[in-house]
Amino acid sequence: MTGVPASAAGGSSKAGAAGKVSAVGSAGSSKSAGSTPAGSKVGGAKIAGSEVTGSKVGGDETGVPGEAKPARGGKIAAAAVNQASIWNIANLLTMLRLVLVPAFVALMLADGGYDPAWRSFAWAAFAIAMITDLFDGHLARTYNLVTDFGKIADPIADKAIMGAALICLSVLDDLPWWVTGVILGRELGITLLRFIVIRYGVIPASRGGKLKTLTQGVAVGMYILALTGWLATLRWWVMAAAVVLTVATGLDYVRQAIVLRRQGIAERKAALEETEA
């Protein structure tokens, strides 16, 4: 009976095993181990195809860029952060102004709308709304809390409280209806314009718009209070300045909307030409 001696066979087996271990070791150290089967493990490191993913060297995670998948918990945390970003202090102040609108109307029209005490309470609610409008924009810019929700909801909240005050004053014959019509027509028109061009971008509130809002707030606040004498004359001039700013800033927003639309159309056309090329 012929064959290989047991010692020789054993030696061959050991040599073959050593050769395999050596090959595996070199595959683990080499970056392009194309012959290593996918899914095999080398020293606890998993070989996927020809590249190492998720291996640890000295306690640090190493892997091929773009190959490692983020943990499910990381995605959930990122989603939570995105959702929570809307509930920042600036947006909460904007929401407060929206809540103050029905409260202001109830106080303004209480007891027929001519009681000085109720008008004072209504003025307080209106003043709080105006003050929060000054703070929310400052906080959003200072602490990087600017969101698309804030850019859209902030002017809507301004128009809601201002519109309620103007309509109440005109209903009570304290303010001519044409003034209310000019201011509300401009505010509603610009709001509609914002939504029309929102596909091209968001038109943020400008400094001129903030000055207009402040002047309107002072004028309307003076009309809410039961003023007489020279203060009643002064409030007429303040309201006149508010009307001028209202018209001027409205025209400026129209200009911005036209420019934004042209830029958006030009960018889309350029992108389409690049895709076709």
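The values are calculated or read from the model by the stated rules, or taken from the named source; none is laboratory data. These numbers were taken from a predicted model, which means no experiment stands behind them. Reconstructed Cβ throughout: ideal geometry from the backbone, glycine too, with neighbour counts over all protein chains shown. For the accessible areas, the whole protein counts, side chains as well, though only heavy atoms, and no ligand, DNA or RNA atoms are used. Shrake-Rupley method; radii C 1.70, N 1.55, O 1.52, S 1.80 Å.
Tabulated values for the structure
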item: Charge context of residue 113, other residues only, Cβ under 15 angstrom, K/R +1, D/E -1; result: -3
item: HN-Hα J in Hz across the range 117-132 - Karplus 6.51, -1.76, 1.60, θ = phi - 60°, x for Gly and Pro; result: 5, 5, 5, 5, 5, 5, 4, 4, 5, 5, 5, 4, 4, 5, 5, 5
item: Accessible carbon and sulfur surface of the range 75-198 relative to its total accessible area, %, 1.4 Å; result: 75
item: Cα-centre dipole for the range 164-277 with unit charges at Cβ (Lys and Arg positive, Asp and Glu negative), debye to 20; result: 160
item: The range 212-277-the range 89-121 distance, computed between alpha-carbon centres (Å); result: 24
item: In order through the range 90-99: 3J(HN,Hα) via Karplus (6.51 cos²θ - 1.76 cosθ + 1.60), integer Hz, x for Gly, Pro; result: 5, 5, 5, 5, 5, 5, 4, 5, 5, 5
item: Residues with amide H under 5 Å from that of residue 175, placed H, sequence gap 5 or more; result: 170
